[in-house]
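**Student:** My questions all concern the structure below.
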Amino acid sequence: MPAPTWIHEQFAPTGSAIGFRVTRKLDEVQSPFQKIEIFETTDWGNLMLIDGAVMLTTRDNFLYHEMMSHPALFTHRDPKQVVIIGGGDCGTLREVLKHPGVNKAVQCDIDEQVTRMAEKYFPELCESNGDPRAELLFDDGIAHMRSAAPGSLDIVIVDSTDPVGPAEGLFNRVFYESCFRALKDDGILVQQSESPLALLDLIKEMRGEMRKAGFTAFQTLPFPQPCYPTGWWSCTLARKSGGFEFREGDARGKAFDTRYYSVDVHHGATVLPPFVAEALGG
């Protein structure tokens, strides 16, 4: 086996970089949309890069996938119809389908190759792909939401890459308006919202676009994510109406295991550090 070397991602918006010690490249594919690479690391399991940007590792992906799904599903009173835009690695889909009350979860990712690579190198994330409640679509998520029936969805989760390339159109008012229209009156939109330490202005802008689209209440939940820039990430929930009191009893009595998410973690994530709360208006 060759001697370990290092893969570094330089992230210009934060003026920082992150590196992983790797032993070999396992695979590479150039899809019609982006370049996908898989590496074997010495300490983090497998590593997926898309166009040179770190997407996930075996070791820490559970932090992101659990926080992108469970806070919203335990906040909605009875989530049955869920759509995931992006999420091609299928980890968020797996977490959503741990909720027995969900009748259908549609995952719409434009790039089928992301899912095929996940099936091969992150099979644990794809355990629910064969669930009869799951539907995997490989299509334009923006068009999918534009054509969704009004008032048909309980939760929309936007599990996207950074707002560049294929994901650029997922962070603006026009897209959020289509999500607002597709959601029921008590529906929840979830958007991965980058680093609250280094990209706070992006979160403010994103929430502003959501507000223009008609959403009235917002909750940004920070969580650790070592493989992403600054190691501190977030998701943002937006509601058409109502607040964010979650079903604490159901969350405490859940019939499935989680490695990061818990009732106490959920409570803790709602308490923003003063500098974040001040910037976002509470």
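**Student:** Can you find a residue that is touching a Leu at 6+ places or on another chain (Cβ under 7 Å), under 22 Å from Thr258 (Cα atoms), of a type outside the set (S, T, N, Q) and open to solvent by 20 Å² or more (accessible area, probe 1.4 Å) anywhere in region 100-123?
**Tutor:** yes
**Student:** When you scan region 165-176, do you find a residue that is outside any strand (DSSP E or B), open to solvent by less than 10 Å² (accessible area, probe 1.4 Å) and at pLDDT 90 or above, even just one?
**Tutor:** yes
**Student:** Hey, any hits in region 202-211 for a residue that's more than 18 Å from Thr75 (Cα to Cα), of a type outside the set (Val, Ile, Thr), open to solvent by 30 Å² or more (accessible area, probe 1.4 Å) and in a loop (DSSP other than H, G, I, E, B)?
**Tutor:** The answer is no, given that none of the residues of region 202-211 is more than 18 Å from Thr75 (Cα to Cα), of a type outside the set (Val, Ile, Thr), open to solvent by 30 Å² or more (accessible area, probe 1.4 Å) and in a loop (DSSP other than H, G, I, E, B).
**Student:** Restricting the search to region 215-241, which residues are within 17 Å of His266 (Cβ to Cβ) and not in a strand (DSSP E or B)?
**Tutor:** Within region 215-241, just Gln225 meets the criteria.
**Student:** Determine, yes or no, whether Thr230 is open to solvent by less than 30 Å² (accessible area, probe 1.4 Å) and not small (Gly, Ala, Ser).
**Tutor:** No: the conditions fail for Thr230.
**Student:** Scan (1) closer than 27 Å to Asp257 by Cβ; (2) open to solvent by less than 10 Å² (accessible area, probe 1.4 Å) for the single condition Asp89 breaks and write down its number.
**Tutor:** For Asp89, the exception is condition (2).
The values are calculated or read from the model by the stated rules, or taken from the named source; none is laboratory data. The shown structure was predicted, so the numbers you read here are calculated from the model rather than taken from an experiment. Backbone-built Cβ (ideal geometry, glycine too); neighbour counts: all protein chains shown. For accessibility, only protein heavy atoms count, side chains too; no ligands or nucleic acids. Shrake-Rupley method; radii C 1.70, N 1.55, O 1.52, S 1.80 Å.
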